[in-house]
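The values are calculated or read from the model by the stated rules, or taken from the named source; none is laboratory data. Keep in mind that what you see is a predicted model, and the values were worked out from it rather than measured. Note: ideal-geometry Cβ built from the backbone for every residue, glycine included; neighbour counts use all protein chains shown. To get the accessible areas, we keep the full protein, side chains included, count just its heavy atoms, and leave off ligands, DNA and RNA. Shrake-Rupley method; radii C 1.70, N 1.55, O 1.52, S 1.80 Å.
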Amino acid sequence: MSSPTFEFALLEQQLPGGSVRLVEAATGDSWIELKSHALRQACQILRDHQDCQFNVLSDLTAVDWFSPAGKKPVIADPRFEVVYHLLSLSRRQTLTLKVILPRPGGDELSKDAELPEIPSIADLWLAANWHEREAFDMFGIRFKGHPDLRRILCPEDWEGYPLRKDYEFPLEYHGIRGR
Amino acid sequence: MPQFADQRIIELDVRTDEMLVNMGPQHPSTHGVLRLVLRTDGEIVHEVIPHLGYLHRCAEKIGEHLAPPQWVPYTDRMDYLAAMNMNLGFSLTVEKLMSQVAPPKAQLIRVFVAELNRIASHLLGMGAYGLDLGSFTPFLYGFREREIILDLLEEVCGARLTYSYVTPGGVTHDLPEAIPIPPGLAMLTGRPAGATISWVDAVILFLDWLGPRIDDYHTLLTENHIFVQRTAGLGVLTREKAISYGCSGPVLRGSGVEFDLRRHGDKIYTSLYEKFEFDIPTAPFRNAPREVIVGDNWCRFYVRMLEVTQSMRILRQAADLWTIGGVSQDPAGHKVPYRLTTKLPAAEVYLETECPRGQMGFYVIGNGAAEPLRTRAKSSSFCNLSVISELCQGVLLADIPSIAGSLDIVMGEIDR
C-alpha cells in the first residue's frame, strides 16, 4: 500500500495541531496516528471529503502491546492500539488509522471505571456498532457514546477480556472446570 | 356465526399480544448456531435481536502462539464451506508481510482451487436457500454437484472440507498428474468408472456437465413463481445501508455496488486474476421478474447464481493456460520454502480477499518472532449478519428464514 501522504496532509490542515502523525513503515502498511479527541472529526473528514470518500469501515480492532515479563522482550510501552481500516469503494483505496490508548495496570479483572476509553464512531459507519462491541468484549475498551455496548461473542457474565495478553482463563464458569 | 353490532368487538376478539419468540439456535433455517430473539405481534415481527458466540473458540488468541503455517488449519474451520479461499486470504497476507511472492505455477493452482471452492460454496448456498423456502429438490441437486467438486479437491490434497492446501509460500502439493475419474462424475457422464484422466481434464469434464445444469436451477428457483413471491421485494437493503454496514460480496453487489476484490483489491491478490476475463454480476438485472427491487433477497440469490457461471469461465481459461504450458511445469515449482522458524518482520499488514461470502480480511502484526503478535480475522458474514435487525423489521415471521438465508452466513466465520 502506498503511503497515505495526501490524507495526512488534509487531516493535518483541518485538525488542531499535534493531534495527527504519519507513520511510514518500510515494510507492510503505513498508517496515520490520531489522538483520541481528534478521532471523530478525522473520521468525518475522511468519510465525507470529496477527495477521500472512505465510505466503508472494513475493520475495527485493537492490539495489546503488553508483554508479560519473562517471555519475549518488551518492544513498546504497555498500551492498547485501536486500529481502523477504511476502504473507499470509488477510489479503490485503503487507509489505516490508529489511536494509542494507555493500558490500565496489570489485572484483567479491573473495574469497568478503569477501562480505557475512546469515542465511538458507530453513528458514522453502522458497521462500527458490532465491531466496537467485539473490541469491548475482547479487549475491554470502552467506546464512549456507543448505543448498546454489550459483550457480543462471550456470554454476558464472562469475566475478563480474552484477547488481552495477560488474560488468565477462569478456573471455573458456572460449575464447568476450566484450565 | 355470531353477529357483532360493534366492529370493535371483533377487533378485540382477535387482538394479539406482543410475544418474545426464540428462533434457533437449533432451528435448521438459522444456518448454524445463531439465536434470533424475535419480538412479535401476531405474525408481524417488530424487532430482531441476534445472539452470537456459540462457536467462539478464540482463534485469534491461538494465532498469537502459532507460526503462520500452523494457523492455516484454523482458517479452514472458520468458513468451512470455502476453506480454500480462507487459506488463500491468510497466506497472501503473510506473504505480503514477508514481501514474498508465490511462484507462477502455485498462483495458477490457487486460482483453480479457489474458484472450484467458490462454485461448491455457492451451490450449497443456493440449495440450502431453496430448502429454507420449502423446496427440497435444488438442495439435492446442489449436493450432487458439490460432491464432485469435493472429489476433485480430495484428489488434490486428500481432504474434503478442511484442506489446509494453500499455505504461505505456495501450495502444499503439486496438482496430481492422472487420477481415477471420480465415481460421481463417471456415473453422471457415462464414463467407465476406474478409467484414469488428468486432473485438469476432469475439471473440464465436470464443467461441461455442469454448464447445462445451471438452467435447471433457474427453472427450479429463479423463475419459479413461488420462489419469486417469497423473495422479491423482501429484505430490501439499500445501496447506502449496505455500504455503511460494511456488507460485502453478493450482499453488496445485490444492492447495486459493483465492487469485487478480484478486480479492485490489492495488487498481490488481483495479480492472480489479471490474466482472466470475467464479469462482476451486479444488480439491477434486466431479466429480473417485475416484482424485484434492487437489494432484495432475489437479487442477492441471483448474484450468487451468476457468479457460478463466471467462476466456470475463469476455470476454463485457467485450464487452457495449464494445458498449453502457460506456466512452468517444474515439478518443484508449486511453492517456495517457508519454515516454521521463519521470523516475521516488525511490521503489519491488513489484506482483504474476495471469499464466496464477501471480503474476508486478515490482519497480521509481526514483531521479530516466528509467531505473530496479533492475528486478526475480520469476517464478511459478521458484517453481513449485522443488517438482519434492520431487514427484519415489520416482516412476517415466515419471511425471517427467507431473509436470513439470503445473507448466506456461516457461523464458524462469525464466531471464529
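Take the residues of the range A:39-54 that are over 18 Å from the mean Cα position of the chain (by Cα) and of a type in the set (S, T, N, Q): which is nearest to residue A:97 (Cα to Cα)?
Applying the filter and picking the extreme gives A:53.
Out of the residues in the range B:130-167 meeting the condition of being assigned to a loop (DSSP other than H, G, I, E, B) and of a type in the set (A, V, I, L, M, F, W, C), tell me which one is surrounded by the most Cβ atoms within 10 Å (Cβ to Cβ).
That would be B:133.
Out of B:373, B:397, report the one residue that is crowded, with 23+ Cβ neighbours inside 10 Å, more than 23 Å from residue B:145 (Cβ to Cβ), in contact (Cβ under 8 Å) with a residue 60 or more places away in the chain and aliphatic (A, V, I, L, M). Walk me through how you get there before you give the answer.
On the way: B:397 fails: crowded, with 23+ Cβ neighbours inside 10 Å.
Matching residue, one of B:373, B:397: B:373.
Give the range A:24-54 a look and list any residue that's open to solvent by less than 60 Å² (accessible area, probe 1.4 Å), in contact (Cβ under 8 Å) with a residue 60 or more places away in the chain and within 14 Å of another protein chain (Cβ to nearest Cβ), or say none.
A:29, A:30, A:31, A:32, A:33, A:43
Out of B:255, B:248, report the one residue that is of a type in the set (Gly, Ala, Ser) and facing chain A (nearest Cβ under 10 Å).
The match here is B:248.
Considering the range A:84-102 alone, what residues qualify as being open to solvent by less than 10 Å² (accessible area, probe 1.4 Å), of a type in the set (S, T, N, Q) and within 10 Å of chain B (Cβ to nearest Cβ)?
A:96
Within the range A:103-126, restricting attention to residues that are hydrophobic (A, V, I, L, M, F, W, C) and at pLDDT 85 or above, which residue is most open to solvent (accessible area, probe 1.4 Å)?
The initial filter retains those residues of the range A:103-126 that are hydrophobic (A, V, I, L, M, F, W, C), namely A:109, A:113, A:115, A:118, A:121-122, A:124-126.
Those still in the list that are at pLDDT 85 or above too: A:118, A:121-122, A:124-126.
Working: A:118: 2, A:121: 0, A:122: 9, A:124: 11, A:125: 2, A:126: 54 Å².
Out of the qualifying residues, it is A:126.
Which one is modelled with the lowest pLDDT among residues in the range B:383-406 that are more than 14 Å from residue B:238 (Cα to Cα) and under 13 Å from the mean Cα position of the chain (by Cα)?
The selected residue is B:405.
Among B:208, B:201, B:266, B:215, which is the only one that is among the acidic types (Asp, Glu) and at pLDDT 90 or above?
From the options B:208, B:201, B:266, B:215, the qualifying one is B:208.
Only one residue in B:342, B:309 is closer than 30 Å to residue A:165 by Cβ, of a type in the set (Val, Ile, Thr) and open to solvent by 20 Å² or more (accessible area, probe 1.4 Å). Which one?
Going through B:342, B:309 in turn, just one is closer than 30 Å to residue A:165 by Cβ, of a type in the set (Val, Ile, Thr) and open to solvent by 20 Å² or more (accessible area, probe 1.4 Å): B:342.
Among the residues of the range B:212-219, is there at least one that is within 14 Å of another protein chain (Cβ to nearest Cβ), basic (Lys, Arg) and either closer than 27 Å to residue B:145 by Cα or open to solvent by 10 Å² or more (accessible area, probe 1.4 Å) (or both)? Break it down into steps so the answer makes sense when it comes.
Quick first cut of the range B:212-219, residues within 14 Å of another protein chain (Cβ to nearest Cβ) only: none.
Looking through the range B:212-219, none of the residues is within 14 Å of another protein chain (Cβ to nearest Cβ), basic (Lys, Arg) and either closer than 27 Å to residue B:145 by Cα or open to solvent by 10 Å² or more (accessible area, probe 1.4 Å) (or both).
Considering only the range B:257-281, state which residues are part of a loop (DSSP other than H, G, I, E, B), closer than 28 Å to residue B:387 by Cα and open to solvent by 20 Å² or more (accessible area, probe 1.4 Å). First the steps, then the outcome.
Within the range B:257-281, the subset part of a loop (DSSP other than H, G, I, E, B) is B:257-260, B:265-266, B:274-281.
Right, trim to closer than 28 Å to residue B:387 by Cα and you get B:257-260, B:265-266, B:279-281.
Scanning the range B:257-281 gives B:258, B:265, B:266, B:279, B:280.
Among (1) closer than 22 Å to residue A:85 by Cα; (2) of a type in the set (D, E, K, R); (3) open to solvent by 40 Å² or more (accessible area, probe 1.4 Å), which single condition is residue A:156 missing?
Only one criterion in (1) closer than 22 Å to residue A:85 by Cα; (2) of a type in the set (D, E, K, R); (3) open to solvent by 40 Å² or more (accessible area, probe 1.4 Å) is unmet by residue A:156, namely (1).
Would you pick out the residues in the range B:9-54 that are open to solvent by 60 Å² or more (accessible area, probe 1.4 Å) and at pLDDT 75 or above? Let's see the steps before the verdict.
Of all residues in the range B:9-54, those open to solvent by 60 Å² or more (accessible area, probe 1.4 Å) come to B:9-20, B:22, B:26-28, B:35, B:39, B:43-44, B:46-47, B:54.
Once the filter is applied, which keeps residues that are open to solvent by 60 Å² or more (accessible area, probe 1.4 Å) and at pLDDT 75 or above, the range B:9-54 yields B:17, B:18, B:19, B:20, B:22, B:35, B:39, B:43, B:44, B:46, B:47, B:54.
Residue B:22 - would you say it is of a type outside the set (Phe, Trp, Tyr) and free of Cβ contacts under 8 Å to residues at least 40 places away in the same chain?
In short, yes.
Return only the number of the condition from (1) under 30 Å from residue B:90 (Cα atoms); (2) within 20 Å of the chain's Cα centre (by Cα) that residue B:174 does not satisfy.
Result: residue B:174 passes all but (2).
Would you please list the contacts, defined by Cβ atoms under 6 Å and residues six or more apart or on different chains, that run from a residue in the range B:246-271 that is charged (D, E, K, R) to a residue that is in a helix (DSSP H, G or I) and open to solvent by less than 20 Å² (accessible area, probe 1.4 Å)?
B:253/B:303; B:262/B:273
Looking at B:338, B:363 in this structure, which one is among the aromatic types (Phe, Trp, Tyr) and within 26 Å of the chain's Cα centre (by Cα)?
Selected residue: B:363, the only one of B:338, B:363 that is among the aromatic types (Phe, Trp, Tyr) and within 26 Å of the chain's Cα centre (by Cα).
Hey, does the range B:134-143 have a residue that's among the polar types (S, T, N, Q) and within 14 Å of chain A (Cβ to nearest Cβ)?
No, the range B:134-143 contains no residue that is among the polar types (S, T, N, Q) and within 14 Å of chain A (Cβ to nearest Cβ).
Which of (1) loosely packed, with under 15 Cβ neighbours inside 10 Å; (2) closer than 26 Å to residue A:122 by Cβ does residue B:241 not meet, given it meets every other one?
Exception for residue B:241: condition (1).
Could you please let me know if residue B:284 is within 21 Å of residue B:217 (Cβ to Cβ), open to solvent by less than 40 Å² (accessible area, probe 1.4 Å) and either within 14 Å of chain A (Cβ to nearest Cβ) or in a loop (DSSP other than H, G, I, E, B) (or both)? Explain how you work it out, then say what you get.
On the way: within 21 Å of residue B:217 (Cβ to Cβ): yes; open to solvent by less than 40 Å² (accessible area, probe 1.4 Å): no; either within 14 Å of chain A (Cβ to nearest Cβ) or in a loop (DSSP other than H, G, I, E, B) (or both): yes.
Taking the combined requirement at face value, the residue does not satisfy it.
Taking residue B:179 and the conditions (1) open to solvent by 60 Å² or more (accessible area, probe 1.4 Å); (2) assigned to a strand (DSSP E or B), which numbered condition does it fall short on, given that it satisfies the others?
(1)
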